[in-house]
Amino acid sequence: MAEQQSLTSDAPVVLLFRHDLRVNDNRALYAAAQTGKPVIPVFILDEHSDDVRPVGGARRWWLHHSLTALETSLKALGATLLLKRGATQNIVDRLLDETAADMVLWNRRYDPPGVDTDRNLKSELGRRGLTAESFDGHLLHEPYLFKTGTGGFYRVYSPFWRAFSAGPDPRDPVSAPDGLKPYDGPTTSDRLKDWQLLPENPDWAKGFAADWTPGERGAQDKLAAFLDDAIGYYGNDRDKPAVEATSRLSPHLAHGEITPFQIWHALKAPDLAAEGQGTDKFRKEIGWREFSYHLLFNNPHLATRNYNASFDEFPWQNKADDLQAWQRGLTGYPIVDAGMRQLWQTGWMHNRVRMITASFLIKHLRIDWRKGEAWFWDTLVDADPASNATSWQWVAGSGADAAPYFRIFNPMLQGDKFDPMGHYVRAFVPELKNLPDKFLHVPWLAPENILMEAGVVLGGNYPHPLVDHQAARQQALIAYARIRKGS
Ligand code: FAD
């Protein structure tokens, strides 16, 4: 074990990568370069303990490609990325032994097991007299910075956002270092392909590459395209799933290929001043990400426990067949099915449709929100420990800041309002593409001859509705009344 080593100028520095797969605005990387020491960058895939939630399937696909991009960027700076799998502390210990490094740097994580691991690492390294330093990057402000008047955490977004807006200005991004001093001692690394992050047999991610370019370059291109084309109508059109009015930066943010600081800074460009409404709204959505981490930090079990404990008694039905129909996009409600298929085909789903599909699972099917959260965790390329848990609890009505349970999304009205021309449904539910707009969100109301002309066979190539909307709504309200009585 590397006890009490001296801080010599040529002892290398170990630089940990986890959810920060970039070289720009990477303060740990920048600090490592500034030391003038040889740098050993290492990505650690730490899924060793029961507390750590394994990376979901869609994010594994992303991770493979993002690591490939990071390897290339680091090589251009002069360093070789090592890949290691296992418990962070053990891997760091071994590296320190092998390389006699006397310094370990990283960017902070905010998922609860990550926080614990890194806290223990810092104190253990400090105890041994080694330098261990962490930096910001994932969030604009530390999740504990803002406190209510009574010293607690914010449960509701609006006051959080007011406090945030009155708080310190987020710092400017830092540039990538000009170069890194390579470490030329012996090291070992896993081979990326041995991690088998890419799905095979079947390759269910084969459609992802058409929509996404994992890595820092892809992130910057998405930001530039959004600021050039869409931000002006973001305020008006961000709820329309057929319109490319949102940034699609979420998977890049989740993997740390871009930082909120870079986005914040880009929004200050003078030519965006005219897009006032769009930029303000967009900043507020970035604020929801910050708020979600604020909630997670103060409620580490947010993904597994009802924030509002009265929901512990909720009489969920949890029918396995219903869950499967929802997962496969076969509920018979076109907007719900389109969303679930977009998720499966692209690894992403539009925010409005996330709300509709989540509400349908929880309220129409009365399936525990945690089953939906877990499915999203596995299938979203942007699966995020804070935003996913917060949003599912928001829809369920069990969260800190939550839509009231009795507000039940009507999938037909939502379809009419947000996909009036049916472009979204037609893109993902092609068996309905020839139905007239009038029946697109309610195929079961279409007369037989119209269905026939459109080639739709209900119960054949497209399902009958899994549940009746009105009846399901009533049942959901009755179930809710039972927990309200108990609370
Ligand atoms: P934009 O509209 O362009 O927004 C820019 C960024 O702001 C996003 O990339 C995201 O980082 C942040 N943001 C926007 N809306 C929200 C929000 N409601 N909550 C938190 N952050 C937000 N987002 C995730 O990043 N990961 C998840 O796992 C996730 N799970 C969700 C589950 C449900 C049931 C719901 C209703 C929402 C979930 N969201 C999640 C939030 C939101 O749907 C996505 O952040 C958004 O759709 C990403 O697309 P975008 O980058 O184009 O968003």
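The values are calculated or read from the model by the stated rules, or taken from the named source; none is laboratory data. On a predicted model such as this, the values are computed, not experimentally measured, just so you know. We place every Cβ from the backbone using ideal geometry, glycine too, and count neighbours over all the protein chains shown. Just the protein is used for accessible areas: all its heavy atoms, side chains included, with ligands, DNA and RNA removed. Shrake-Rupley method; radii C 1.70, N 1.55, O 1.52, S 1.80 Å.
Remarks
- Calculated from backbone phi, Karplus (6.51, -1.76, 1.60) coupling profile of segment 383-398 in Hz, x at Gly/Pro: 3, 9, x, 8, 5, 5, 5, 4, 5, 5, 5, 4, 5, 5, x, 9
- Solvent-accessible area assigned to carbon and sulfur over segment 263-339 amounts to 49 percent, based on a 1.4 Å probe.
- Acute angle (nearest 10 degrees) that the helix 88-99 long axis makes with the longest principal axis of the chain, alpha-carbon atoms: 30
- Fraction of C-alpha pairs exceeding 20 angstrom in segment 313-378: 16 percent, rounded to a whole number.
- Per residue, the chain exposes 43 Å² of accessible surface when a 1.4 Å probe is rolled over the protein heavy atoms with every protein chain present.
- Once the mean of 1/r is taken over each pair of separate Cα atoms and inverted, segment 239-388 shows a Kirkwood hydrodynamic radius of 17.0 Å.
- Applying 1/(1 + (r/R0)^6) with r as the Cβ-Cβ distance of Asp178 and Leu272 and R0 = 22 angstrom yields a FRET efficiency of 0.15.
- The chain: angle of helix 469-486 to the longest principal axis, Cα-based, in degrees nearest 10: 60
- When the solvent-accessible area of segment 100-206 is split by element, carbon and sulfur atoms take up 50 percent of it, the probe being 1.4 Å.
- Between segment 411-487 and segment 163-179, the Cα center-to-center distance that results, in Å: 46
- Under 19 Å from the Ala210 label point (7 Å along Cα→beta-carbon), backbone N, segment 433-468: 433-434
- Summing Cβ point charges (Lys, Arg +1; Asp, Glu -1) relative to the Cα centre of segment 245-365 gives a dipole of roughly 100 debye.
- Taking amide hydrogens as placed 1.01 Å from N in the peptide plane, the amide H of Phe135 sits under 5 Å from those of Trp106, Asn107, Arg108, each at least 5 positions away in sequence or on another chain.
- Measuring against 19 Å, Cα to Cα, the residue pairs Lys84/Lys193; Lys417/Lys438; Lys206/Lys240 contain Lys206/Lys240 as the ones spanning a longer distance.
- Positive-end extreme of charge dipole, segment 198-341 - chosen from Gln277, Pro300, Ala325 (charges on Cβ): Pro300
- For segment 123-266, the orientation-averaged shadow of the C-alpha convex hull comes to 15.2 nm² (one quarter of the hull surface).
- Listed peptides 132-140, 465-473 by packing density, highest first (mean Cβ within 10 Å): 132-140, 465-473
- Using only side-chain charges placed at the Cβ, +1 for Lys and Arg and -1 for Asp and Glu, the dipole size of the chain relative to its Cα centre rounds to 1160 debye.
- Cα gyration tensor shape of segment 196-248, rounded if a/c is under 1.5, else prolate or oblate by comparing a/b with b/c: oblate
- Highest to lowest packing among 365-378, 82-95, scored as the average C-beta count within 10 Å: 365-378, 82-95
- For the chain, the longest principal axis of the C-alpha atoms and the axis of helix 157-166 are separated by about 40°.
- Alpha carbon convex hull of segment 213-288, projected area averaged over orientations, nm²: 4.8
- Site pair Asn410 and Gln324 shows an inter-label distance of 3.3 nm when each label is modelled 7 Å from Cα along Cα→Cβ.
- Sparsely packed GluC sites (Glu not before Pro) within segment 227-306, loop by DSSP, other Cβ within 10 Å at most 16: Glu244
- The slack between Ala224 and Leu198, meaning 0.36 nm per residue of separation minus the straight C-alpha distance, is 6.5 nm.
- Binning all Cα-Cα separations of segment 369-487 at 10 Å, short to long from zero, yields these whole-percent fractions: 12, 30, 34, 21, 5, 0.
- All alpha carbon pair distances within segment 1-114 were sorted into 5 Å bins beginning at 0; the resulting P(r) in whole percents reads 2, 11, 21, 24, 21, 13, 6, 2, 0.
- Taking every Cα-Cα distance in segment 324-435 and sorting them into 10 Å bins starting at zero, the pair-distance distribution P(r) comes out as 15, 50, 31, 4, 0 percent.
- When the convex hull of its Cα atoms is projected in every direction, mean area for segment 84-179 (nm²): 9.0
- Rg/Rh, computed from the Cα trace of segment 411-468 with Rh as the Kirkwood radius, has the value 0.93.
- Once all protein chains are placed together, Ile450 keeps about 40 Å² accessible to a 1.4 angstrom probe.
- Prolate/oblate/rounded call for segment 44-110, Cα gyration tensor, a/c under 1.5 rounded: oblate
- Averaged over residues, the count of other Cβ atoms within 10 Å places the peptides 57-67, 334-344 in the sequence 334-344, 57-67, highest first.
- Share of Cα-Cα pairs in segment 19-79 lying beyond 18 Å, as whole percent: 44
- Dividing the convex hull volume of the alpha carbon atoms of the chain by its residue count gives 155 Å³ per residue.
- D_trans [Stokes-Einstein, Kirkwood Rh over alpha-carbon pairs] for segment 144-200, 20 °C, 1.002 mPa s, µm² s⁻¹: 125
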